[in-house]
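Colleague: I am attaching a structure below and will ask some questions about it afterwards.
The values are calculated or read from the model by the stated rules, or taken from the named source; none is laboratory data. In this text, all values refer to a predicted model and were calculated from it rather than measured experimentally. Note that each Cβ is placed from the backbone with ideal geometry, even for glycine, and that neighbours are counted across all protein chains shown. In case anyone asks, the SASA skips ligands and DNA or RNA and just uses the protein heavy atoms, side chains included. Shrake-Rupley method; radii C 1.70, N 1.55, O 1.52, S 1.80 Å.
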Amino acid sequence: MSGGNNRNNTIVRNNITSYEKCVEFTHNLWWSWHPEIKYIFQSISPERFRQLNYNPIALLREYTPDEFEVRVKELALKASIDVAYRRYKKYAFERTDWARKNAGVLGSRPVAYFSLEFGLHESLPIYSGGLGVLAGDHVKSASGLGVPLVAVGLFYQTGYFKQEINAEGAQTEIYQKTDLANLPYEDCLDKDGNLLIVSVQTATETIYAKVGLVRVGRVNLYLLNTDLEQNSEEDRALTDRLYGGDNRKRIRQELVCGVGGLRALHALGIRPGVFHLNEGHNSFVTLEAIREEMEYTGVSFGTAAQNVAQKTVFTTHTPVEAGHDYFSRELVEQHVKPLYEALGMTLDQFMEYGRNPSFASDKFCMTVLGLKLSRYANGVSALHGVVSRRMWKPLWPNKTEEETPIGHITNGVHIPTWMAWEMKVLFERSLPDWKEESIDPSIWGEVYDLDSGELWETHAELKMHLVDFARKRLVSRLQRLNGSPEAIEHAKHVLDPNALTIGFARRFATYKRACLVVEDEERFDEIVNNPERPVQFIFAGKAHPKDEPGKEFIKRITALQKDPRFANRVVFLEDYDMNVARHLVQGVDVWLNNPQRPLEASGTSGQKAVLNGALNFSVLDGWWSEAYDGSNGFAISEGVSHISPAIANERDNESLLNVLENVIVPMFYERNEDGLPARWIEYMKNSFATNAWRFSAHRMVADYVKHTYLPAAIGVTAKLP
């Protein structure tokens with residue numbers, strides 16, 4: 001079977017042109033976490049590269065090969081391209097020492113990682129937020145460590161929506177079809193050289209999906225797409241957009257990803273030894289694996305289910321009930337009947353595999369299915385492990401809460417993707433032993449040897465980049481809305497690069513409480529408009545298209561921009577994506593996170609801020625509850641929850657403003673004889689030393705290998721942390 005054209009020829013040919021080399025290495029998303037590659041294309045055409053959403057393939061298509069060679073010669077870029085090409089070839093085909101020592105048994109039977117979304121780069125919009133970006137970082141670090149892993153998801157033709165904020169502050173969702181020619185995407189072919197197509201049966205029809213390939217370093221990501229003539233109009237639209245439609249569309253998407261995804265792997269000759277399900281959306285994988293085992297080996301359902309569960313890893317990401325899929329009995333019968341009948345089950349028997357004992361309703365929960373048919377289940381932080389055991393204990397009525405078989409592996413982020421190039425250069429120049437992908441705490445401990453002045457200057461440079469970026473985004477929005485010349489001119493000068501700058505960017509779900517900091521507007525006014533010690537806030541984030549309360553939060557924040565009191569102190573940047581996120585986490589002084597505890601399972605945006613010297617200021621929830629030590633950031637409240645959201649909001653708002661006014665602001669503006677905020681810089685170094693290695697995706701993937709993948713592959717039961 002073929003995964004597409006063989007661009008990854010292991011032989012480095014010296015007679016190919018710079019254009020051909022760029023075409024080859026940009027068709028692997030390896031380039032996206034190498035800033036020197038971005039620099040090449042920025043040099044070719046800075047403004048156009050930005051307009052094309054930093055997509056090198058799209059930029060290359062605007063030149064003929066001859067035109068490109070002329071431009072390369074003019075800019076003396078040939079040597080840079082040659083170096084990048086050789087580095088790519090070496091990376092793509094060199095087996096890592098880490099994999100040889102730690103993941104050898106997975107070589108013949110790789111891990112199959114299933115997720116409904118992947119956040120890899122802003123030019124490939126098949127993600128909505130944290131879940132997808134986490135999946136993307138997981139894949140990138142699996143590639144970096146050399147873990148034998150393939151990934152499976154859906155290709156959304158219009159991706160997630162592009163957000164526009166109108167003059168009244170209301171969110172508008174814009175869906176734009178993605179041009180496949182501008183993506184590092186290849187059609188997969190069958191043994192006869194035809195388009196590889198898999199099928200999934202429902203009770204009334206067959207859904208067909210073609211299979212595409214996106215290369216992510218050493219990892220292949222296979223994406224299923226139902227936009228085929230063989231399908232009905234309804235089914236062609238199954239993969240049109242991410243998280244659009246009703247439960248009928250959702251269950252069909254999940255069937256295509258789970259059942260169709262596993263069939264695609266087998267058609268490609270890939271026989272996974274481990275299944276990793278990133279949330280309950282992918283739990284149908286287990287049913288298809290059980291069906292195959294029963295069909296090919298003749299064992300009973302019970303034996304096959306036990307065998308599949310033994311090699312299945314299930315990660316749950318949220319304690320928020322809306323984050324778990326529930327389907328009616330009717331939808332299950334309409335769509336899963338051929339599958340459960342092949343397993344020898346009636347509808348009543350099958351419904352038991354998805355029944356949540358905590359609810360009286362007769363609905364099928366995908367998270368319950370995933371938990372029941374896996375032997376390795378984990379939350380995504382230590383606290384979330386506790387919350388998950390409490391939440392799902394009813395599935396194991398004969399066990400205590402502590403005995404409930406759900407552990408935790410705390411999320412991490414892919415350092416090369418999220419650490420600013422300027423910060424990376426500083427570390428490499430100043431710390432001889434430092435390696436950005438190291439999970440050795442002693443290596444990161446060398447940060448204390450950094451020159452404080454250089455660290456602060458680097459941070460100031462990144463902050464200026466953010467201010468410039470924010471101003472351009474604000475001007476662009478006003479121009480689209482036909483704003484007045486005065487308003488546009490004001491936007492060109494908004495934000496003070498010397499003022500304490502706080503970032504808040506995430507999905508605008510109500511439990512994340514985007515408006516908490518402004519609940520007491522009078523006190524907020526006093527703090528941010530202190531003439532001697534000003535404070536400014538940059539907000540960004542999308543609300544789910546159906547989340548009206550979340551949209552109201554956006555309206556409230558954007559209204560502050562029009563208030564004369566806050567016109568220079570609060571900005572909202574529309575269309576939050578990975579590009580906006582990079583600028584924010586790399587440029588702010590403080591990263592604010594104030595969810596309603598304990599509803600933040602992990603959160604990873606603050607981990608990205610750590611890599612760039614920003615200090616976290618957060619409720620003690622998710623990852624921060626195990627990261628905060630009193631000298632590496634700041635805490636809101638004392639790690640307690642309250643049954644009343646109103647009382648929790650009041651307490652947390654008071655704590656937030658007290659810490660901001662009495663601790664953060666004075667520390668930031670306190671300067672020594674060299675003009676440096678010495679205590680602040682000490683906190684920055686503490687944050688690097690204690691958190692950068694610990695909350696990296698390399699450490700996370702290494703934990704998955706040790707605690708789940710290897711035990712699952714060799715058939716032993718291991719206890720998660």
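Colleague: Would you call Asn278 at pLDDT below 95 and over 26 Å from Leu195 (Cα atoms)?
Modeller: Details: at pLDDT below 95: no; over 26 Å from Leu195 (Cα atoms): yes.
No, not satisfied.
Colleague: So, Gly245, is that one surrounded by fewer than 16 Cβ atoms within 10 Å (Cβ to Cβ) and farther than 30 Å from Ala309 by Cα or not? Give the steps one after another, and end with the answer.
Modeller: Values: surrounded by fewer than 16 Cβ atoms within 10 Å (Cβ to Cβ): yes; farther than 30 Å from Ala309 by Cα: yes.
So Gly245 passes the test.
Colleague: Taking helices (runs of 4 or more DSSP H) that do not extend beyond the range 68-146, which have at least 3 residues that are aliphatic (A, V, I, L, M) and farther than 19 Å from Pro184 by Cα?
Modeller: Details: elements: 78-93, 97-102, 130-145.
Counting at least 3 such residues, we get 130-145.
Colleague: Something else: Here are the criteria: (1) assigned to a loop (DSSP other than H, G, I, E, B); (2) at pLDDT 95 or above. Tell me which single one Lys210 does not satisfy.
Modeller: (1)
Colleague: Mind listing just one residue for me: the one in the range 343-361 that is surrounded by fewer than 17 Cβ atoms within 10 Å (Cβ to Cβ) and not in a loop (DSSP other than H, G, I, E, B) and, of those, nearest to the chain's Cα centre (by Cα)?
Modeller: Filtering the range 343-361 for residues surrounded by fewer than 17 Cβ atoms within 10 Å (Cβ to Cβ) gives 344, 346-349, 352, 357-361.
Within this subset, residues satisfying the condition of being not in a loop (DSSP other than H, G, I, E, B) are 347-349, 352.
Numbers: Leu347: 36, Asp348: 37, Gln349: 36, Glu352: 32 Å.
Here the residue is Glu352.
Colleague: Checking Asn649 against (1) in contact with a Lys or Arg (Cβ under 8 Å, 6 or more places away or on another chain); (2) at pLDDT 95 or above: exactly one of these is not met. Which one?
Modeller: (2)
Colleague: If I go through the range 391-406 residue by residue, how many of them are under 26 Å from the mean Cα position of the chain (by Cα) and either without any contact (Cβ under 8 Å) to a residue 12 or more places away in the chain or open to solvent by less than 10 Å² (accessible area, probe 1.4 Å) (or both)?
Modeller: 2
Colleague: Looking only at residues that are of a type in the set (Val, Ile, Thr) and assigned to a helix (DSSP H, G or I) in the range 371-390, which one is surrounded by the fewest Cβ atoms within 10 Å (Cβ to Cβ)? Step through it out loud before you land on a result.
Modeller: Restricting attention to the range 371-390, the residues satisfying the condition of being of a type in the set (Val, Ile, Thr) are 380, 386-387.
Okay, now just the ones that are also assigned to a helix (DSSP H, G or I), so 386-387.
Values: Val386: 18, Val387: 24.
Within the range 371-390, the match that is surrounded by the fewest Cβ atoms within 10 Å (Cβ to Cβ) is Val386.
Colleague: Within the range 90-99, is there a residue that is out of contact with any Leu (no Cβ under 7 Å at 6 or more places or on another chain) and polar (S, T, N, Q)? Steps first, answer last, please.
Modeller: Taking the range 90-99 and keeping what is out of contact with any Leu (no Cβ under 7 Å at 6 or more places or on another chain), we get 90-95, 97.
Of the ones still in play, those that are also polar (S, T, N, Q) are none.
The answer is no, given that none of the residues of the range 90-99 is out of contact with any Leu (no Cβ under 7 Å at 6 or more places or on another chain) and polar (S, T, N, Q).
Colleague: Could you grab me the full set of residues in the range 77-101 that are small (Gly, Ala, Ser) and open to solvent by 60 Å² or more (accessible area, probe 1.4 Å)?
Modeller: Correct list: Ala79 only.
Colleague: Could you list, in sequence order, the residues of the range 529-545 that are open to solvent by less than 10 Å² (accessible area, probe 1.4 Å), in a loop (DSSP other than H, G, I, E, B) and either in contact (Cβ under 8 Å) with a residue 60 or more places away in the chain or of a type in the set (Phe, Trp, Tyr) (or both)? Working first, answer last.
Modeller: First pass over the range 529-545, keeping only residues open to solvent by less than 10 Å² (accessible area, probe 1.4 Å): 535-541, 543.
Imposing the further condition that a residue be in a loop (DSSP other than H, G, I, E, B) reduces the set to 541, 543.
The one that is open to solvent by less than 10 Å² (accessible area, probe 1.4 Å), in a loop (DSSP other than H, G, I, E, B) and either in contact (Cβ under 8 Å) with a residue 60 or more places away in the chain or of a type in the set (Phe, Trp, Tyr) (or both): Ala543.
Colleague: Just for the range 571-626: of the residues that are within 17 Å of the chain's Cα centre (by Cα), among the small types (Gly, Ala, Ser) and within 15 Å of Gly503 (Cα to Cα), which one is surrounded by the most Cβ atoms within 10 Å (Cβ to Cβ)?
Modeller: Ala609
Colleague: Okay, next question. When Phe508 is evaluated against the numbered criteria (1) open to solvent by less than 20 Å² (accessible area, probe 1.4 Å); (2) part of a loop (DSSP other than H, G, I, E, B); (3) in contact with an Asp or Glu (Cβ under 8 Å, 6 or more places away or on another chain); (4) over 24 Å from Lys608 (Cα atoms), which criterion, by number, is the only one it fails?
Modeller: Phe508 satisfies every listed condition except (4).
Colleague: Any residue at all in the range 149-163 that is within 27 Å of Glu548 (Cα to Cα) and basic (Lys, Arg)?
Modeller: Scanning the range 149-163, I find at least one residue that is within 27 Å of Glu548 (Cα to Cα) and basic (Lys, Arg), so the answer is yes.
Colleague: Just the residues that are farther than 19 Å from Ile415 by Cα and in contact with a Lys or Arg (Cβ under 8 Å, 6 or more places away or on another chain), please, taken from the range 95-124.
Modeller: Asn102, Arg109
Colleague: Based on what the data block shows, is Leu131 open to solvent by less than 30 Å² (accessible area, probe 1.4 Å) and touching a residue at least 12 places away in the same chain (Cβ under 8 Å)?
Modeller: Values: open to solvent by less than 30 Å² (accessible area, probe 1.4 Å): no; touching a residue at least 12 places away in the same chain (Cβ under 8 Å): yes.
No, not satisfied.
Colleague: Does the range 362-370 contain at least one residue that is outside any helix (DSSP H, G or I) and open to solvent by less than 20 Å² (accessible area, probe 1.4 Å)? Give the derivation first.
Modeller: Taking the range 362-370 and keeping what is outside any helix (DSSP H, G or I), we get 362-365.
Okay, now just the ones that are also open to solvent by less than 20 Å² (accessible area, probe 1.4 Å), so 364-365.
Yes.
Colleague: Out of all the residues in the range 456-472, which are of a type outside the set (Phe, Trp, Tyr) and over 13 Å from Ile538 (Cα atoms)?
Modeller: Of everything in the range 456-472, those that are of a type outside the set (Phe, Trp, Tyr) and over 13 Å from Ile538 (Cα atoms) turn out to be Glu457, Thr458, His459, Ala460, Glu461, Leu462, Met464, His465, Lys472.
Colleague: Just give me the residues in the range 513-528 being within 24 Å of Met578 (Cβ to Cβ) and either open to solvent by 50 Å² or more (accessible area, probe 1.4 Å) or out of contact with any Gly (no Cβ under 8 Å at 6 or more places or on another chain) (or both), in sequence order. If you could, list the steps in order and put the result at the bottom.
Modeller: Pass one, the range 513-528, residues within 24 Å of Met578 (Cβ to Cβ): 513-514.
Result: Arg513, single match.
Colleague: Let me ask something additional. Before we move on, is Gly107 open to solvent by 10 Å² or more (accessible area, probe 1.4 Å) and either more than 30 Å from Lys608 (Cα to Cα) or out of contact with any Asp or Glu (no Cβ under 6 Å at 6 or more places or on another chain) (or both)? Write out each step before concluding.
Modeller: Values: open to solvent by 10 Å² or more (accessible area, probe 1.4 Å): yes; either more than 30 Å from Lys608 (Cα to Cα) or out of contact with any Asp or Glu (no Cβ under 6 Å at 6 or more places or on another chain) (or both): yes.
For Gly107, the condition - open to solvent by 10 Å² or more (accessible area, probe 1.4 Å) and either more than 30 Å from Lys608 (Cα to Cα) or out of contact with any Asp or Glu (no Cβ under 6 Å at 6 or more places or on another chain) (or both) - is met.
Colleague: Every residue in the range 426-440 that is assigned to a helix (DSSP H, G or I) and surrounded by 18 or more Cβ atoms within 10 Å (Cβ to Cβ), please. Reasoning before the result, please.
Modeller: Let us first name the residues in the range 426-440 that are assigned to a helix (DSSP H, G or I), namely 426-430.
The answer is Leu426, Phe427.
Colleague: Separate question: Ser631 - would you say it is open to solvent by 10 Å² or more (accessible area, probe 1.4 Å), of a type in the set (Ser, Thr, Tyr) and assigned to a helix (DSSP H, G or I)?
Modeller: Values: open to solvent by 10 Å² or more (accessible area, probe 1.4 Å): yes; of a type in the set (Ser, Thr, Tyr): yes; assigned to a helix (DSSP H, G or I): no.
The answer is no for Ser631.
Colleague: What's the number of the only condition in (1) out of contact with any strand residue (DSSP E or B) (no Cβ under 7 Å at 6 or more places or on another chain); (2) open to solvent by less than 20 Å² (accessible area, probe 1.4 Å); (3) hydrophobic (A, V, I, L, M, F, W, C); (4) touching a residue at least 40 places away in the same chain (Cβ under 8 Å) that Leu268 fails to meet?
Modeller: It fails just one condition, (2).
Colleague: A further question follows. Residues in the range 487-506: is at least one under 25 Å from the mean Cα position of the chain (by Cα) and modelled with pLDDT under 95? Break it down into steps so the answer makes sense when it comes.
Modeller: Looking only at the range 487-506, we keep the residues that are under 25 Å from the mean Cα position of the chain (by Cα), and these are 501-506.
Now narrow it down to the ones that are modelled with pLDDT under 95: 506.
The answer is yes; a qualifying residue exists.
Colleague: Separate question: Could you please give the count of residues in the range 472-492 that are under 21 Å from Gln163 (Cα atoms), surrounded by fewer than 17 Cβ atoms within 10 Å (Cβ to Cβ) and of a type outside the set (A, V, I, L, M)?
Modeller: Within the range 472-492, residues that are under 21 Å from Gln163 (Cα atoms), surrounded by fewer than 17 Cβ atoms within 10 Å (Cβ to Cβ) and of a type outside the set (A, V, I, L, M) number 5.
Colleague: Moving on. Restricting attention to the range 173-189, which residues are in a loop (DSSP other than H, G, I, E, B), more than 18 Å from Leu59 (Cα to Cα) and either among the aliphatic types (A, V, I, L, M) or at pLDDT 95 or above (or both)?
Modeller: Correct list: Cys188 only.
Colleague: Out of Glu168, Glu74, Glu117, report the one residue that is touching a residue at least 24 places away in the same chain (Cβ under 8 Å) and open to solvent by 10 Å² or more (accessible area, probe 1.4 Å). I'd like the intermediate steps shown before the answer.
Modeller: On the way: Glu74 fails: touching a residue at least 24 places away in the same chain (Cβ under 8 Å); Glu117 fails: open to solvent by 10 Å² or more (accessible area, probe 1.4 Å).
Just one listed residue meets the conditions, Glu168.
Colleague: Let me ask something else about it. Starting from residues that are part of a loop (DSSP other than H, G, I, E, B) and at negative phi, keep the ones in the range 49-67 and report whichever is surrounded by the fewest Cβ atoms within 10 Å (Cβ to Cβ).
Modeller: Filtering the range 49-67 down to residues part of a loop (DSSP other than H, G, I, E, B) leaves 52-55, 61-64.
This time we only want the ones that are at negative phi, so: 52, 55, 61-64.
Working: Leu52: 18, Asn55: 22, Arg61: 14, Glu62: 12, Tyr63: 17, Thr64: 10.
By that ranking, first place goes to Thr64.
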